[in-house]
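The values are calculated or read from the model by the stated rules, or taken from the named source; none is laboratory data. Note that this is a predicted model, so its numbers are computed, not measured. All Cβ positions, even for glycine, are placed from backbone atoms using ideal geometry, and neighbour counts span all protein chains on display. Each accessible area value is taken on the protein alone, full model and side chains, heavy atoms only, with ligands, DNA and RNA left out. Shrake-Rupley method; radii C 1.70, N 1.55, O 1.52, S 1.80 Å.
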Amino acid sequence: MEFIELLSNFSWISITLFILGVGFIIVEMYTPGFGIFGALGILSLIACILVTAQTVLQGLVLTGIFFVIILLLLTIFLLFFSKRLPKKLILHEAETLEQGFSGTEDMKYLMGKTGTVSTSCRPSGSADFDGVKLDVVSNGEFIEKGTLVEVIEIEGNRIVVKAK
(Lines give C-alpha, C1' and ligand atoms only; values in the text may rest on other atoms or scores of the structure.)
Protein backbone atom coordinates (compact mmCIF):
# COMPACT_ATOMS: atom_id res chain seq x y z
CA MET A 1 0.00 0.00 0.00
CA GLU A 2 2.83 2.39 0.81
CA PHE A 3 4.34 1.84 -2.65
CA ILE A 4 1.07 2.89 -4.34
CA GLU A 5 0.89 6.00 -2.16
CA LEU A 6 4.48 6.77 -3.08
CA LEU A 7 3.68 6.56 -6.80
CA SER A 8 0.64 8.81 -6.36
CA ASN A 9 2.92 11.56 -4.98
CA PHE A 10 4.53 12.05 -8.40
CA SER A 11 3.65 15.35 -10.01
CA TRP A 12 4.43 16.81 -13.40
CA ILE A 13 7.38 18.67 -11.85
CA SER A 14 8.97 15.49 -10.54
CA ILE A 15 8.34 13.61 -13.80
CA THR A 16 9.89 16.50 -15.76
CA LEU A 17 12.91 16.59 -13.44
CA PHE A 18 13.33 12.82 -13.82
CA ILE A 19 13.18 12.95 -17.63
CA LEU A 20 15.60 15.91 -17.68
CA GLY A 21 17.98 14.07 -15.35
CA VAL A 22 18.04 10.93 -17.46
CA GLY A 23 18.34 13.05 -20.62
CA PHE A 24 21.32 14.97 -19.25
CA ILE A 25 23.04 11.73 -18.29
CA ILE A 26 22.52 10.36 -21.80
CA VAL A 27 23.91 13.58 -23.30
CA GLU A 28 26.93 13.22 -21.00
CA MET A 29 27.67 9.81 -22.54
CA TYR A 30 27.98 11.43 -25.98
CA THR A 31 29.89 14.58 -25.11
CA PRO A 32 33.47 14.32 -23.95
CA GLY A 33 34.19 17.05 -21.50
CA PHE A 34 34.09 18.07 -17.89
CA GLY A 35 30.87 16.34 -16.85
CA ILE A 36 28.58 19.36 -16.82
CA PHE A 37 25.66 17.44 -18.31
CA GLY A 38 26.23 14.53 -15.92
CA ALA A 39 26.24 16.90 -12.96
CA LEU A 40 23.06 18.57 -14.20
CA GLY A 41 21.48 15.13 -14.59
CA ILE A 42 22.38 14.10 -11.06
CA LEU A 43 21.15 17.43 -9.67
CA SER A 44 17.86 17.04 -11.56
CA LEU A 45 17.37 13.55 -10.14
CA ILE A 46 18.15 14.75 -6.61
CA ALA A 47 15.67 17.61 -7.05
CA CYS A 48 13.09 15.08 -8.27
CA ILE A 49 13.56 13.02 -5.12
CA LEU A 50 13.35 16.11 -2.88
CA VAL A 51 10.15 17.33 -4.60
CA THR A 52 8.46 13.93 -4.47
CA ALA A 53 9.48 12.40 -1.12
CA GLN A 54 7.49 13.32 1.97
CA THR A 55 9.65 11.40 4.48
CA VAL A 56 13.21 10.17 4.68
CA LEU A 57 12.05 6.58 4.15
CA GLN A 58 10.22 7.58 0.99
CA GLY A 59 13.35 9.40 -0.18
CA LEU A 60 15.43 6.26 0.32
CA VAL A 61 12.88 4.10 -1.48
CA LEU A 62 12.71 6.59 -4.35
CA THR A 63 16.50 6.68 -4.58
CA GLY A 64 16.57 2.89 -4.90
CA ILE A 65 13.82 2.90 -7.50
CA PHE A 66 15.56 5.67 -9.49
CA PHE A 67 18.85 3.81 -9.34
CA VAL A 68 17.29 0.63 -10.76
CA ILE A 69 15.32 2.51 -13.44
CA ILE A 70 18.37 4.51 -14.54
CA LEU A 71 20.52 1.38 -14.75
CA LEU A 72 17.87 -0.35 -16.86
CA LEU A 73 17.39 2.68 -19.13
CA LEU A 74 21.11 3.21 -19.66
CA THR A 75 21.66 -0.49 -20.35
CA ILE A 76 18.85 -0.54 -22.90
CA PHE A 77 20.07 2.72 -24.42
CA LEU A 78 23.62 1.45 -24.81
CA LEU A 79 22.48 -1.89 -26.26
CA PHE A 80 20.27 -0.30 -28.91
CA PHE A 81 22.19 2.87 -29.68
CA SER A 82 25.86 1.94 -29.16
CA LYS A 83 26.24 1.44 -32.92
CA ARG A 84 25.26 5.07 -33.40
CA LEU A 85 27.91 6.55 -31.13
CA PRO A 86 29.86 9.40 -32.74
CA LYS A 87 32.80 8.16 -34.79
CA LYS A 88 35.15 10.40 -32.79
CA LEU A 89 34.51 8.30 -29.68
CA ILE A 90 35.26 4.89 -31.20
CA LEU A 91 38.61 3.65 -32.52
CA HIS A 92 37.81 1.57 -35.57
CA GLU A 93 41.32 0.49 -36.59
CA ALA A 94 44.32 -0.80 -34.73
CA GLU A 95 47.31 1.52 -34.65
CA THR A 96 50.23 -0.43 -36.06
CA LEU A 97 53.91 0.24 -36.63
CA GLU A 98 53.38 -0.21 -40.38
CA GLN A 99 50.97 2.72 -40.40
CA GLY A 100 53.52 4.92 -38.67
CA PHE A 101 52.32 4.74 -35.09
CA SER A 102 55.14 4.35 -32.61
CA GLY A 103 55.04 1.37 -30.31
CA THR A 104 57.48 0.34 -27.64
CA GLU A 105 60.06 -0.75 -30.21
CA ASP A 106 61.37 2.80 -30.51
CA MET A 107 62.46 2.72 -26.85
CA LYS A 108 64.81 -0.23 -27.37
CA TYR A 109 67.60 2.20 -28.25
CA LEU A 110 67.75 3.09 -24.54
CA MET A 111 69.06 -0.37 -23.56
CA GLY A 112 72.45 0.05 -21.90
CA LYS A 113 72.27 3.87 -21.93
CA THR A 114 73.40 5.74 -18.86
CA GLY A 115 71.73 8.76 -17.36
CA THR A 116 71.37 10.73 -14.17
CA VAL A 117 68.49 10.31 -11.73
CA SER A 118 66.62 13.64 -11.51
CA THR A 119 64.36 12.54 -8.63
CA SER A 120 64.98 9.83 -6.09
CA CYS A 121 63.82 6.38 -7.23
CA ARG A 122 61.75 4.74 -4.48
CA PRO A 123 61.57 2.51 -6.66
CA SER A 124 60.07 4.83 -9.30
CA GLY A 125 61.30 8.25 -10.29
CA SER A 126 62.67 10.05 -13.32
CA ALA A 127 66.04 10.13 -15.00
CA ASP A 128 67.72 12.35 -17.58
CA PHE A 129 69.15 10.58 -20.63
CA ASP A 130 71.01 13.02 -22.89
CA GLY A 131 68.65 15.87 -22.03
CA VAL A 132 65.47 13.77 -22.19
CA LYS A 133 63.64 13.17 -18.90
CA LEU A 134 61.91 9.80 -18.69
CA ASP A 135 59.98 7.96 -15.98
CA VAL A 136 62.04 5.03 -14.71
CA VAL A 137 61.79 2.22 -12.17
CA SER A 138 64.59 0.61 -10.19
CA ASN A 139 64.81 -3.09 -9.32
CA GLY A 140 63.30 -2.27 -5.96
CA GLU A 141 66.34 -0.51 -4.58
CA PHE A 142 66.41 3.13 -3.47
CA ILE A 143 68.50 5.31 -5.79
CA GLU A 144 69.50 8.81 -4.64
CA LYS A 145 68.96 11.90 -6.80
CA GLY A 146 72.02 12.63 -8.96
CA THR A 147 73.19 8.98 -9.15
CA LEU A 148 74.31 7.59 -12.50
CA VAL A 149 72.01 4.80 -13.70
CA GLU A 150 72.00 2.32 -16.55
CA VAL A 151 68.96 1.00 -18.41
CA ILE A 152 68.86 -2.77 -17.91
CA GLU A 153 65.37 -3.65 -19.14
CA ILE A 154 62.56 -2.20 -21.22
CA GLU A 155 59.15 -3.79 -20.87
CA GLY A 156 56.40 -1.95 -22.75
CA ASN A 157 56.68 1.65 -21.60
CA ARG A 158 58.43 0.62 -18.35
CA ILE A 159 62.14 1.48 -18.20
CA VAL A 160 64.07 -0.43 -15.51
CA VAL A 161 67.38 1.04 -14.31
CA LYS A 162 70.10 0.12 -11.84
CA ALA A 163 72.69 2.28 -10.12
CA LYS A 164 75.97 2.33 -11.99
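With the other protein chains left in place, how much accessible area per residue, in square angstrom, belongs to the stretch 101-164 at a 1.4 angstrom probe? Before the final figure, lay out each step's value.
Working: 3820 Å² over 64 residues.
Ligands and nucleic acids excluded, the figure is 60 Å² per residue.
At 0.36 nm per residue, minus the direct Cα-Cα distance, what do Thr16 and Lys113 gain on full extension? Give it in nm, one decimal, please. Don't skip to the end; give the middle numbers.
Numbers: separation 97, 0.36 × 97 = 34.92 nm, distance 6.39 nm.
Computed gain between Thr16 and Lys113 is 28.5 nm.
Under 8 Å for C-alpha pairs, at least 6 residues apart: give me the relative contact order for the stretch 18-61, rounded to a whole percent. The partial results should precede the final answer.
Working: 33 pairs, mean separation 16.3, N = 44.
The normalised contact order for the stretch 18-61 reaches 37 percent.
For the pair Leu43/Glu144, report the inter-label distance in nm, with labels modelled 7 Å from Cα in the Cβ direction.
5.4 nm
Can you give the extra length, in nm with one decimal, that the chain gains between Lys133 and Leu74 once fully stretched, where that is 0.36 nm per residue apart less the Cα-Cα distance? The partial results should precede the final answer.
Values: separation 59, 0.36 × 59 = 21.24 nm, distance 4.37 nm.
Full-extension gain reported as 16.9 nm.
Given the whole protein assembly as supplied and a 1.4 Å probe, what does the accessible area of Ile76 come to in Å², nearest 10?
For Ile76, solvent-accessible area is about 90 Å².
Based on the alpha-carbon gyration tensor of the stretch 114-164 and its eigenvalue square roots a ≥ b ≥ c, which shape applies: rounded if a/c is under 1.5, prolate if not and a/b is larger than b/c, or oblate?
On the way: a/c = 1.43, a/b = 1.06, b/c = 1.34.
Rounded is the answer for the stretch 114-164, as its axis ratio a/c remains below 1.5.
Once amide H atoms are placed 1.01 Å from N in the peptide plane, what residues at a sequence separation of 5 or more from Ile159, or on another chain, have their amide H within under 5 Å of its amide H?
The answer is Val137.
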